[in-house]
Structure formats: structure tokens, C-alpha cells
């Protein structure tokens, strides 16, 4: 079932809500949308999970305002959706830029409504390389990515999309994934600029991180299979060259 949630005056986010059970809130990465979780949403309800997928502002079927593409604003959008749906003890599952947004949400809103946080190839604590953090792209590479968006967005998405898959996928699957990026508004590319922001875990203690970092199945006998279907599916669009393992199944 799909519906819209208004997060500020004149701005609505599209939400896809599938299944019943323990709520799992799925946050997509840049530059795609909620449809990247198609295969997860088709499997997890079988194991007692309610899959709630959001199109972030500027992406997919959500509204495309000119402003509001900061980590704080997008984290606040997530909070409004959680409150509107009256979610409690949900699993916040975040991929790539969605991971950075998830961390900001947990810090800014003190984990409101969230039982566990799952980060998949998160663009955090920084999307770009910096002293003491040799991972990710350089600032120059990110700037070039943004510049290419202004001149040849389809090619930029094609080139950037090469890094998303850890295993071989068919040309048709890659073409489908590529098409998800084309649905985003061109001006939402400003999200690329927030990649350069450092992601401090303000007011988020080590004890809190341990509390939120686990992912459990409602049925312990299906814990392993539920985790695998969400992260290890060969066809999962969330597979990326930077993701080498699935959900934590500790506990």
C-alpha cells in the first residue's frame, strides 16, 4: 500500500507499506529511491516484518522542493513519518547516504521509536576521505560528480552505478537500477554536497550504539534466513562493492 505523509507545508513524502509485524523502516541511498528494496520487501513480510519504505524528499514519488536537503532536515522528515505512522520499536535499516541520515536521526532524535539500527555500506562517518579516514571518494571526485550531474546526468548515474554491486548482475537488472536514479529531481543533486559533511555521533554513546546495532527475527528459527534475504540476495539492489557482510544476527 502506498500513501503520502506531509513533512512540512507543501512537502509530502511517498511511503510504501507492505506486510504486518515488527516494523522495518528502510531508507534508500543516493541517487535511487524506495524501489531499490523491491526484493527485500517481497521477502521480509514472510518472516513477520512490516516493510516501510520511504522516498526521501527529491527522490522517487516524493515532492521535490528546492530546499531542505540537509542531514538535519531529512532526519526531521524521518521523525515525522515515524510519528505519523505511530511506529514503536522499529528497525531502522539504512543504505549508503541513508546510513548517514540514519546516524543523524539517532543522534538528533535520540533514537525515538527505534529499537535497532542497521547500517549497510553507510556513507559515514564521512563520504569523503580526510585525515585519519582513508575511505570513500576525494572531495575533488565528489565535485566532479556534481559537475557531471549538471551536464550529463545519465552518464553520471551510469558511471556512479558501477560501484553498487558486489556480484555480477545482468544488463537488464543494471538497467533497471540505473532507471531508479533518473527518477530523482536534478536539483536534489544538492544531496551530493552534504556527503562532504562530517557525521559526528553527537549525544550517541557507545552503550546506545550497542543497544541499537542488533537485528533480531521475531522467530529465532528464521533469524539467519531473514537476514540473508535482506542483504545477501544475489539480486538485492543494496549489494555494493563496499558491503562485504549482511545484517548482524547477534543476540
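Do we have residue 55 as buried (at least 16 other Cβ atoms within 10 Å of the Cβ) and closer than 17 Å to residue 6 by Cβ here? If you could, list the steps in order and put the result at the bottom.
On the way: buried (at least 16 other Cβ atoms within 10 Å of the Cβ): yes; closer than 17 Å to residue 6 by Cβ: yes.
Yes; evaluated as a whole, the condition is true for this residue.
When you scan the range 73-100, how many residues do you find that are in a strand (DSSP E or B) and at pLDDT 95 or above? Full working, then the answer.
Pass one, the range 73-100, residues in a strand (DSSP E or B): 90-95.
After this cut, where a residue has to be at pLDDT 95 or above as well, the list is 90-94.
Residues flagged as in a strand (DSSP E or B) and at pLDDT 95 or above within the range 73-100 amount to 5.
Looking only at the range 131-182, how many residues end up being in a loop (DSSP other than H, G, I, E, B) and either surrounded by 14 or more Cβ atoms within 10 Å (Cβ to Cβ) or touching a helix residue (DSSP H, G or I) at 6+ places or on another chain (Cβ under 6 Å) (or both)?
Filtering the range 131-182 down to residues in a loop (DSSP other than H, G, I, E, B) leaves 131-132, 134-136, 138, 152, 162-170.
Now narrow it down to the ones that are either surrounded by 14 or more Cβ atoms within 10 Å (Cβ to Cβ) or touching a helix residue (DSSP H, G or I) at 6+ places or on another chain (Cβ under 6 Å) (or both): 136, 164-166, 169.
Number of matching residues: 5.
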Single unsatisfied condition, residue 38 versus (1) in a helix (DSSP H, G or I); (2) without any contact (Cβ under 8 Å) to a residue 60 or more places away in the chain; (3) surrounded by fewer than 17 Cβ atoms within 10 Å (Cβ to Cβ): (2)
Could you please tell me which pairs satisfy a Cβ distance under 6 Å, a separation of 6+ or placement on different chains, a first residue in the range 102-118 that is closer than 15 Å to residue 74 by Cα, and a second residue that is part of a helix (DSSP H, G or I) and at pLDDT 95 or above? 104/75; 105/75; 105/78; 108/75; 109/79
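The values are calculated or read from the model by the stated rules, or taken from the named source; none is laboratory data. Keep in mind it's a predicted model, so treat the numbers as computed, not measured. Backbone-built Cβ (ideal geometry, glycine too); neighbour counts: all protein chains shown.
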